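The values are calculated or read from the model by the stated rules, or taken from the named source; none is laboratory data. Keep in mind it's a predicted model, so treat the numbers as computed, not measured. Please note: Cβ atoms are built from the backbone with ideal geometry, for glycine as well, and neighbour counts cover all protein chains shown.
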Amino acid sequence: MKTQMSESAAQCSPLVIQGGMGAGVSSWALARTVSGSGQLGVVSGTALDMILARRLQEGDPGGHMRRALDQFPFKAMAARVLERYFIPGGKGDGEPFKPVPMCSASLSQDHRELIAIANFVEVYLAREGHAGRVGINYLEKIQLPQLASIYGAMLAGVDCVMVGAGIPREIPGVLDSFAANKDASLKLNVLGADRDDDFRITFSPREFAQGAALPALKRPAFFAIVASTVLAQTLVKKGTGRVDGLVIEGASAGGHNALPRGVLRLDEHGEPVYGPKDDVELESIKALGVPFWLAGAYGGALRLREALSLGANGIQAGTPFAFSTESGLTGEVRAQVLSAVSSGTVRVFTDSKASPTGFPFKVVALSGSNSEKDVFEERERVCDLGYLRHVYKRDDGSLGYRCQAEPVDEYVRKGGRVEDTEGCKCLCNGLMANIGLPQKRASGYVEKPLVTAGKDFSLVKEVLEKTGKPSYSAKDVLDSILKEECVALSSNCR
C-alpha cells in the first residue's frame, strides 16, 4: 500500500520521475516533454548561471533564453544579465567564453541575480505550454549558490525541489521561508571548522529585490534523494520542515554515488565494492509514512511493477532519458554512447577518485579512449568554474576554497593532501563540454566531455530495438516504462 502524502506531494505524485542529471543534461526541453506527458520532468539545477551565460554568448539560438528573461519579475535585473552576456549572432568559434565569477560565501548582487535568473529561466521554459508538474534537482555539495538558485526556481513556480549528494536537512525550512518571502540561511559544510563554528550563507528576498514588490510564491514539495535508511530517518524526523517524498537511490545509479559503508574496498577492476550493509531497508522507509520512489537500475515496466509491489509510489529513471533526443547532451556524445549500447560495447566505470567531492562517480568510456583517464592526460590542471570546490577554514578563521582538481601545488598550499589529487578530474569543465558549451583555452585546448550514466542500459537497448532507429525520444522511453499493464495505475502527476 502506498504511504499517505502531504498536499504538495499529492499534487506531484507520478509513477515516473525523470532524473535531474548532469549540468544541462536534464534540460528544460527534456523536462517539458516528460511533464507534458503526465510524469515528473526535472531540470538539473547545477551550474545554471554558467549555462545561461554561455547560451547567451552563443547568440541564444531559437531565442528561448530571451523569451524566458522577458518574463522574469524584476525587469532591471534581466536587462543587466542580457547586457552583460548576450552576443547577437554569437561569439566567434575561436573565442573563449566570458567568465562567470566563481561562487563564494559572499556572492555579489550581480552574481545572485545571474544565479536566480538562470534557475528561473530553466524552470519557466520547462513549465511552458502544458499543465504538468516540473521539478528541479540540486546537489547538497554545491551549497554556495543554493539559496539564490532555489529562490529563482520558486519565482518560476517550480513544483518540486529535489536535493541529493549530502544531508539537505535545512532545505525544507528554506522553502518555507521563501514561500513567506522571509530571509533564509544555510549552514555551510566547512572543512576544519570547530564544533562551535557556525558559518552560514543568507539570502534576503527583500534585499535581493532592491525595493521592488515581492511576488507571492508557493511552497514546492521537497523530495530528498538518499542512499541510506539512517539518512532518510534523519531528514524526515529532524529536518527543518516537511519532507514530502524520498528517492531511494542505489549504487548502480549514474552520477555521484554514496560511499560504501565501512572501509572503502575496490574490486579487481578498481571499482568500489558495495554489500548488503549498503542496501536500504524498505520496511523502515515505509514506517516513516513518506512517499518514496526507487532509483538506480529501476527503469522499465517490470522494475516499475516491482517497485510498486514493494510499496513505492514509482521509480526515478535517469540514464534512458539522458540519451534521448530532448536531453542536453550533444548529438555526437549521444550517438557514440547509443552506438556502443547497440553493439554491446558500452562501458561504465565507477571511479572512486574522479570527482573532487570525494564521492564515487560513474564515467562512460567514450570511443577513442582506452581508459577513462586517457582523454584527460593532455589537459593542464585548472579550476576556473569551481562549483565542486571545498570550503575550508584558514588558520586566521576566514574561509578559503580549494579543489582536488586544481593545480597540485595550489591545492597543497591551501592545506590539501597530494594523494587526494591523484586521478581527480575537472568535472565542471567536462560537464559543460557534454552539452556543447566547452571552454576554449588560449593554448588551443578545447575541454573534453566527461559523460556519466548508470550501469543499466537494458531499457536504452529495449527502446532502440523497439523504434528501430539509432535514436529515440523521451516519449519513447515513457511508452516502454508505462506499458499497458501499468498505464491504469498512473496518477499523471496533475
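Show me the helices (runs of 4 or more DSSP H) found entirely inside the stretch 324-439 where at least 1 residues are closer than 23 Å to residue 462 by Cβ, in contact (Cβ under 8 Å) with a residue 24 or more places away in the chain and among the basic types (Lys, Arg). Quick ask: steps written out before the conclusion?
Values: elements: 331-343, 408-413, 427-434.
So the answer is 331-343.
If you go through the stretch 414-431 and keep only what is under 30 Å from residue 364 (Cβ atoms), surrounded by fewer than 22 Cβ atoms within 10 Å (Cβ to Cβ) and of a type in the set (Lys, Arg), you end up with just 417. Any residue that is of a type in the set (Asp, Glu), closer than 22 Å to residue 443 by Cα and at pLDDT 85 or above - is there at least one of those in the stretch 382-403? Yes.
Taking the stretch 17-72 and the helices (runs of 4 or more DSSP H) fully enclosed by it, the elements with 2 or more residues that are in contact with a Ser or Thr (Cβ under 8 Å, 6 or more places away or on another chain) are at 28-36. Residue pairs whose Cβ atoms lie under 7 Å apart, separated by 6 or more positions or on different chains, with the first residue in the stretch 191-214 and more than 17 Å from residue 143 (Cα to Cα) and charged (D, E, K, R) and the second modelled with pLDDT under 95 and part of a loop (DSSP other than H, G, I, E, B), do not occur. Of all the listed residues (20, 59), the sole one being out of contact with any Leu (no Cβ under 8 Å at 6 or more places or on another chain), among the small types (Gly, Ala, Ser), farther than 16 Å from residue 385 by Cα and at pLDDT below 95 is 20.
Taken as a whole, the structure places residue 161 among residues that are in contact with a helix residue (DSSP H, G or I) (Cβ under 7 Å, 6 or more places away or on another chain), β-branched (Val, Ile, Thr), buried (at least 23 other Cβ atoms within 10 Å of the Cβ) and under 22 Å from residue 228 (Cβ atoms). The single condition from (1) under 30 Å from residue 336 (Cα atoms); (2) buried (at least 16 other Cβ atoms within 10 Å of the Cβ) that residue 411 fails is (1).
In the list 244, 176, which residue meets the criterion of being touching a residue at least 60 places away in the same chain (Cβ under 8 Å), in contact with a strand residue (DSSP E or B) (Cβ under 8 Å, 6 or more places away or on another chain), of a type outside the set (A, V, I, L, M) and more than 21 Å from residue 279 (Cβ to Cβ)? Among 244, 176, only 244 is touching a residue at least 60 places away in the same chain (Cβ under 8 Å), in contact with a strand residue (DSSP E or B) (Cβ under 8 Å, 6 or more places away or on another chain), of a type outside the set (A, V, I, L, M) and more than 21 Å from residue 279 (Cβ to Cβ).
None of 161, 174 is of a type in the set (A, V, I, L, M), touching a Phe, Trp or Tyr at 6+ places or on another chain (Cβ under 6 Å) and either part of a loop (DSSP other than H, G, I, E, B) or closer than 15 Å to residue 222 by Cβ (or both) except 161. Figure legend. Inter-residue proximity from the stretch 260-283: first residues touching a residue at least 12 places away in the same chain (Cβ under 8 Å), second residues surrounded by fewer than 14 Cβ atoms within 10 Å (Cβ to Cβ) and of a type in the set (Gly, Ala, Ser), beta-carbon distance below 6 Å, spacing 6+ or different chains. No pairs are indicated.
Name the residues in the stretch 435-444 that are at pLDDT below 95 and out of contact with any Asp or Glu (no Cβ under 8 Å at 6 or more places or on another chain), would you? Steps first, please.
Step one: filter the stretch 435-444 for residues at pLDDT below 95, giving 440-444.
If the condition is that a residue be at pLDDT below 95 and out of contact with any Asp or Glu (no Cβ under 8 Å at 6 or more places or on another chain), then 442, 444 are the ones that fit.
Which one is farthest from the chain's Cα centre (by Cα) among residues in the stretch 300-325 that are under 14 Å from residue 479 (Cβ atoms) and hydrophobic (A, V, I, L, M, F, W, C)? Only one residue tops the list, namely 301. Any residue at all in the stretch 87-95 that's surrounded by fewer than 21 Cβ atoms within 10 Å (Cβ to Cβ) and not in a loop (DSSP other than H, G, I, E, B)? No - not one qualifying residue is present in the stretch 87-95. Beta carbons closer than 6 Å, at least 6 apart along the sequence or on distinct chains, pair a first residue in the stretch 467-483 that is of a type in the set (Gly, Ala, Ser) with a second that is in a helix (DSSP H, G or I) and surrounded by 15 or more Cβ atoms within 10 Å (Cβ to Cβ) for 474/30; 474/33; 474/34; 474/321; 480/462; 480/463.
When the stretch 433-452 is filtered for residues that are crowded, with 23+ Cβ neighbours inside 10 Å and touching a Phe, Trp or Tyr at 6+ places or on another chain (Cβ under 9 Å), the ones remaining, listed by number, are 437, 450, 452. Scoring residue 113 on the criteria (1) buried (at least 21 other Cβ atoms within 10 Å of the Cβ); (2) in contact with a strand residue (DSSP E or B) (Cβ under 9 Å, 6 or more places away or on another chain) leaves a single failure, condition (2). Scanning the stretch 164-173 for residues that are hydrophobic (A, V, I, L, M, F, W, C) and either at pLDDT below 95 or surrounded by fewer than 24 Cβ atoms within 10 Å (Cβ to Cβ) (or both) returns 165, 167.
I want to confirm something. Restricting to the stretch 124-148 and keeping residues that are closer than 20 Å to residue 244 by Cα and not in a strand (DSSP E or B), which single residue is modelled with the lowest pLDDT?
Looking at residues that are closer than 20 Å to residue 244 by Cα and not in a strand (DSSP E or B), I get 140.
Residues are listed down the side, and each one gets a yes or a no for (1) within 16 Å of residue 153 (Cβ to Cβ); (2) over 24 Å from the mean Cα position of the chain (by Cα):
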position	(1), (2)
75	no, yes
84	no, yes
87	no, yes
91	no, yes
99	no, no
103	no, no
116	yes, no
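Taking the stretch 453-463 on its own, how many of its residues are closer than 11 Å to residue 337 by Cβ and either surrounded by fewer than 20 Cβ atoms within 10 Å (Cβ to Cβ) or β-branched (Val, Ile, Thr) (or both)? Outline the logic, then answer.
Filtering the stretch 453-463 down to residues closer than 11 Å to residue 337 by Cβ leaves 453, 457, 460.
Applying the additional criterion that residues be either surrounded by fewer than 20 Cβ atoms within 10 Å (Cβ to Cβ) or β-branched (Val, Ile, Thr) (or both) yields 460.
So the count comes out to 1.
Selection within the stretch 302-323: residues that are of a type outside the set (Gly, Ala, Ser) and not in a helix (DSSP H, G or I). The member of this set that is nearest to residue 33 (Cα to Cα) is 323. Working only within the stretch 447-477, note down all residues that are among the β-branched types (Val, Ile, Thr) and either under 22 Å from residue 360 (Cβ atoms) or not in a helix (DSSP H, G or I) (or both). Within the stretch 447-477, 451, 452, 460 qualify.
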